[in-house]
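Working notes, beginning with the structure itself.
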Amino acid sequence: MKATFGATKGIIPPLVLGLVTLLLWQLAVVGFDIKPFVLPSPTAIGGQFFENLPTVWSNSLVTGFNSLVGVAVGAVLGILLAVIASLVRTIDELSSAVVAAAMVLPIVALAPVLYGMFSASQQTARQLVASLAVFVPVYVNTLKGLRQVRPVHRDLMRAHAATTWQTIGTVTLPTGLPFIFTGVRIASSLAVIAAVIAEYFGGPIGGLGKSITTAAAGSNYPLAWAYVLGSIILGLVFYLAVLAVERWVLRNRGS
Amino acid sequence: MTGQDGISTVQDSKTDQKTDAAHAADAPAVAAVNVGKVFDGKRGAQVVALEDINLTVARGEFVSLIGPSGCGKSTLMRLIADLDQPTSGELTVFGKSAQQARLDQDYGIAFQQAGLLPWRTVRQNIELPLQLHKVGKAERTERSTELLKLVGLTDFGDNFPDQLSGGMQQRVAIARALAESPNLLLMDEPFGALDEMTREHMQGELAHICAETGAAVVFVTHSIPEAVFLADRVVVLSPRPGRIRAIVDVKFSGSVERTEHLRESDVFFSSVSEVREHLHGSADANPLGVDN
Ligand SMILES: Nc1ncnc2c1ncn2[C@@H]1O[C@H](COP(=O)(O)OP(=O)(O)O)[C@@H](O)[C@H]1O
Ligand SMILES: [Mg+2]
């Protein structure tokens, strides 16, 4: 009850801010007579968005699927490797350097290289970029979560002669679960961003990123912006979906 | 080396094994001989937590460990539980190494913190040891129902731990420790965080449970009345390094059952003052006389 109330309350300020921004934006474009290639008005973007809803939708499906593959593959690998790293100190130490590098490297920068590695007509490179973007925050957060195990729980498992895998399943992963969710939640919108931007660098036709570049190249800026709007919505959907699952799972298990 | 020597060695080891097996059947619950524990502290500094601990806990016996904080009570309990290893001396549990006893699940344990898993219901927490040892679901449910009743939490099986008071959580932890009907119970200040009223109530319940199950108990506490009320023997430890300063026999006459009226008895008061004298190391207490 409290959480739901808190969540609704938390949504109001950004909503107001968003609406005010849109209003000022509209007024500025009309008032200062700003040209569409500089900045189209929100109503023009909205108009294009609804006019091209079918294509925005079909392109969202392409990008959305790539992002989904990225979230699934990246999250599974991130969690798995974090579990292994929490067991084997050397892997932990080795990986921390790689992860530190991955954190400063914009992963989409790998897209052109990856396009060269896979057939240009396939989505593989894009999905790989999304997976990598997801992997890093999931791995980092999971590893942090797995280290939160309370000493009394560790003693308890040892006292009951639990095997390593029993300990991981009954104590370590459940303890880390809130952290794992935080990682996946952050990663979910990163997956969409990575999938969209990866499309800028090549690959097959289709996808929101490709559509943005195509529309912009044809000087159809309101349409380009409509695809940007589609990307924002897609990212939001991913984020909210993970948030919903997170809330549901954590509430149903009592804490 | 002659052949005869070889033969006699073989024979020796055979008889050794036999006597070992014979020992194991009636070996005491805990036997500590000259046990010591030194922790490696920061920058090479060493902490002597325990020194020369000689203690035997018979099967079915209730032994309280008492002493000022930091004297090594928890450490001794952790050694028995094989959560830490002694740095000197020899420690056996039911005639086996502490490690073997742990692997055989010969003891149940309750910590100062209840240590329940917050994402499991009360019932699931109680069933944890059974689940870890692959006991079937039907049998688990039956056992946890029994235990919920034993600790008076029948209506709370489906609650999560954070919906329970501290005293109730501790009762869940005790039920969990009892889940596999161990012959040895290790308890580290399990009532430490409770208020006096709940505490006395829980002591009564624990005494009742122990009388019913016949398990040996090693019970760590820093409350003198608690130690005396529950125990057959109270082991008084000295401040660092932890050594056994005295062992006080608590002889409640006749009935063994511990009920509230015992707290008013003369034996209770005299035992309390005896323990207190040893604990404060007063002149009339003989520090080594009772040892061993
Ligand atoms: N893991 C450890 N590392 C270093 N010193 C420890 C460790 N555990 C306990 N000690 C030290 O050993 C002594 C006994 O501790 P403990 O057994 O917890 O005392 P008690 O339970 O009687 O209060 C204390 O001085 C404590 O600081
Ligand atoms: Mg202690």
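Data for the structure
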| quantity | calculated |
| --- | --- |
| Dipole magnitude of chain A about its Cα centre (Cβ charges: Lys, Arg +1; Asp, Glu -1), debye to nearest 20 | 840 debye |
| D_trans [Stokes-Einstein, Kirkwood Rh over alpha-carbon pairs] for chain A, 37 °C, 0.692 mPa s, µm² s⁻¹ | 160 µm²/s |
| Helix-only mean residue ellipticity at 222 nm for chain B, each DSSP H run of n ≥ 4 adding -39500 (n - 2.57), per residue, nearest 500 | -12500 deg cm²/dmol |
| Gyration tensor verdict on the stretch A:21-172 (Cα atoms; rounded if a/c is under 1.5, prolate if a/b is larger than b/c, oblate otherwise) | prolate |
| Span from the the stretch A:179-255 Cα centroid across to the the stretch B:71-103 one, whole angstrom | 56 Å |
| Size of electric dipole in the protein assembly as shown: Cβ of Lys, Arg +1 and of Asp, Glu -1, about Cα centre, debye, nearest 20 | 2280 debye |
| Chain A, helix-only ellipticity at 222 nm - DSSP H runs n ≥ 4, -39,500 (n - 2.57), divided by all residues, nearest 500 | -27000 deg cm²/dmol |
| Three-way shape label, chain B, alpha-carbon gyration tensor, a/c 1.5 | oblate |
| Dipole magnitude of the stretch A:33-154, debye to nearest 20 (Cβ charges: Lys/Arg +1, Asp/Glu -1, about Cα centre) | 520 debye |
| Anisotropy class of the stretch A:180-255 from Cα gyration tensor, a/c 1.5 cut | prolate |
| Cβ-derived FRET efficiency at R0 45 Å, A:LEU39 paired with A:PHE118, nearest 0.05 | 0.80 |
| Peptide B:118-125, shielding by other chains (average Cβ, 10 Å cutoff) | 3 |
| Principal axis dimensions, the stretch B:116-181 - Cα atoms, whole angstrom, descending | 30, 23, 17 |
| In sequence order, calculated HN-Hα J values of the stretch B:232-249 (Karplus, 6.51, -1.76, 1.60; Hz; x Gly/Pro) | 7, 9, 10, 9, 9, 9, 8, x, 3, x, x, 10, 7, 8, 6, 10, 9, 7 |
| Dipole-positive endmost among A:ALA187, A:VAL88, A:TRP57 within the protein assembly as shown (Cβ charges, Cα centre) | A:TRP57 |
| Nearest-ten-degree value, helix A:2-31 long axis tilted from longest Cα axis of chain A | 20 degrees |
| B:GLN163 paired with B:GLN105, simple spin-label distance in nm, labels 7 Å along Cα-to-beta-carbon | 2.8 nm |
| P(r) histogram, all alpha-carbon pairs of the protein assembly as shown included - 20 Å bins from 0, percent | 17, 36, 25, 16, 5, 0 |
| Gain upon complete extension [A:VAL30, A:LYS144; 0.36 nm per residue less C-alpha separation] | 36.0 nm |
| Pairwise FRET efficiency - B:SER181 versus A:TYR200, Cβ, R0 = 56 Å, nearest 0.05 | 0.25 |
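A short reminder: the numbers here are calculations on the coordinates, not readings from a lab. Since this is a predicted model, take the numbers as computed values, not measurements. Heads up, the Cβs are rebuilt from the backbone with ideal geometry, glycines too, and the neighbour counts pull from every protein chain shown.
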